[in-house]
Amino acid sequence: MIDPRIKEWATARQGEYIDAVNQYGSIRKAAKILKVDHSTVGKSVRAAGRRAALAGYSPEHDMTKTVPDGFGVKGVSTLYGDDGQVKVQWVKSQRNEQDLYEAMKEAIASLVEDVHGQAKPIKAPKRTTDQAMTLYPMGDPHIGMYAWSEECGEDFDCDIARANLSGAMARLVGCAPNTDIGTIINVGDFFHADNLNNSTMRSGNPLDVDTRWPRVLELGVLAMRDCIDMALRKHKEVKVINAIGNHDDHSSVMLSMCLSAFYHNEPRVTIEKTISKFHYVEFHKNLLGVTHGDTVKMQDLAGLMSVDKPEAWGRTQHRYWLTGHIHHRQLWEQPGCLVESFRTLAGKDSYHSAHGYRAGRDMVCIVIDKDHGEVERHRVDISMLNSDD
């Protein structure tokens, strides 16, 4: 019998396996009924159990946490009274990086396993044009960020983030022309947190995170799938770029892995590999660069493009950098290149609210003509998503 309470830390598929094992009495019987290999069921159940234990769940102590999330017990000091009873106990802890790493790997592996080759065919549009390409830049979605309206002026969580992103994409796809290619460009920080202890990797700053990390990953993947499926109904080919942000160094890679697995049998979808901090796309007389913007100065990007892609720079006439990170819309015109930073649809967390950040929130799509560069742009404001019109 598997304790059903660990389902709180399980993915949807792992929860299904746990229920099946409890119902049929063993891993092998459950696997036979579900028509999967018994090792798959066993690994998934053990992964959920390890994540539950890492989060502090203990069946013996009814979910008592002896150390914070992401930490392990280093030692215990106990003070006994004259009667021999324990009076005070100190639990010494240390950051358990290996457990965090293993839990992250298991969460990613479970998600990839659950979605491999599961994309259902979507009928391609009958008429499209090869004269232009449509871009859908996503400015720092921050899936998983949590905000309370009493503190920040507006509620924000995973479900709201997904609804906003899908709603904006639906409106933009409706406005966009039927170009052969639609390119979804996630400029980074798609996920708000990158680990189970809910802090930034480099500085260790605490983050306001909604729900459990595996659920954040799952909802983020579903949100991107929403957007890709909508684009598939508008364009013959859909390309996806997931830039690495400063909030999601690892989960940005996971996102691309999951999407590649899910659309493995869909030839109309291309998920670009998320390895480098810099991505380049050449489209006839246009050269696009994509980076989050946290590791390089904006004024240096034109020179970087000319060095990284000298031949493409020479072939093209219209050159653009698409960035995020600052959550403000800014445009820098540099010699031979335009650099643009995009706004986010995400709300303000407690830190940004307290420090006076009040940037607008929107999402746009941009139409790039093969000869003339940008010729068209459509914008969806956050107020359009929250209205009843």
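The values are calculated or read from the model by the stated rules, or taken from the named source; none is laboratory data. Remember, predicted model here, so these are calculated numbers, not experimental data. When we count neighbours, we look across all protein chains shown, and the Cβ atoms used for this are built from the backbone with ideal geometry, even at glycine.
Evaluating His247 against the criteria (1) within 30 Å of Ile122 (Cα to Cα); (2) surrounded by 22 or more Cβ atoms within 10 Å (Cβ to Cβ) leaves one unmet condition, (1).
Among the residues that make up region 197-210, is at least one of them in contact with a Cys (Cβ under 6 Å, 6 or more places away or on another chain), in a loop (DSSP other than H, G, I, E, B), closer than 15 Å to Ile143 by Cβ and touching a residue at least 40 places away in the same chain (Cβ under 8 Å)? Yes; the residues of region 197-210 include at least one that is in contact with a Cys (Cβ under 6 Å, 6 or more places away or on another chain), in a loop (DSSP other than H, G, I, E, B), closer than 15 Å to Ile143 by Cβ and touching a residue at least 40 places away in the same chain (Cβ under 8 Å). Between Gly314, Gly356, Gly324, Gly360, the distinction of being touching an Asp or Glu at 6+ places or on another chain (Cβ under 7 Å) and small (Gly, Ala, Ser) belongs to Gly324 only. When each of Ala107, Ala119, Ala147, Ala132 is tested for being of a type in the set (Gly, Ala, Ser), within 20 Å of Ser260 (Cβ to Cβ) and modelled with pLDDT of 65 or more, the lone residue that passes is Ala119. Filtering region 311-335 to residues that are touching a Ser or Thr at 6+ places or on another chain (Cβ under 7 Å), part of a loop (DSSP other than H, G, I, E, B) and surrounded by fewer than 20 Cβ atoms within 10 Å (Cβ to Cβ) leaves Ile326, His328, Arg329. Screening Gly220 on (1) outside any helix (DSSP H, G or I); (2) crowded, with 23+ Cβ neighbours inside 10 Å; (3) out of contact with any Asp or Glu (no Cβ under 8 Å at 6 or more places or on another chain) shows it passes everything except condition (1).
Considering the conditions (1) at pLDDT below 95; (2) within 21 Å of the chain's Cα centre (by Cα); (3) not charged (D, E, K, R), Asn386 is excluded by exactly one of them, (2). Scanning region 132-153 for residues that are buried (at least 16 other Cβ atoms within 10 Å of the Cβ) and not hydrophobic (A, V, I, L, M, F, W, C) yields Thr134, Tyr136, Pro137, Gly139, Asp140, Pro141, His142, Gly144, Tyr146.
So, His284, is that one on the phi > 0 side of the Ramachandran plot, modelled with pLDDT under 95 and assigned by TED's automatic domain parsing to the domain that holds His372 or not? When the stated conditions are applied, His284 does not pass them.
Taking the listed residues Thr211, Thr179, the one that is over 22 Å from Lys7 (Cβ atoms) and either out of contact with any strand residue (DSSP E or B) (no Cβ under 7 Å at 6 or more places or on another chain) or buried (at least 24 other Cβ atoms within 10 Å of the Cβ) (or both) is Thr179, with no other qualifying. Within region 291-310, none of the residues are modelled with pLDDT of 95 or more, within 15 Å of Ile244 (Cβ to Cβ), in a strand (DSSP E or B) and in the same structural domain as Ile326 (by TED's automatic domain parsing).
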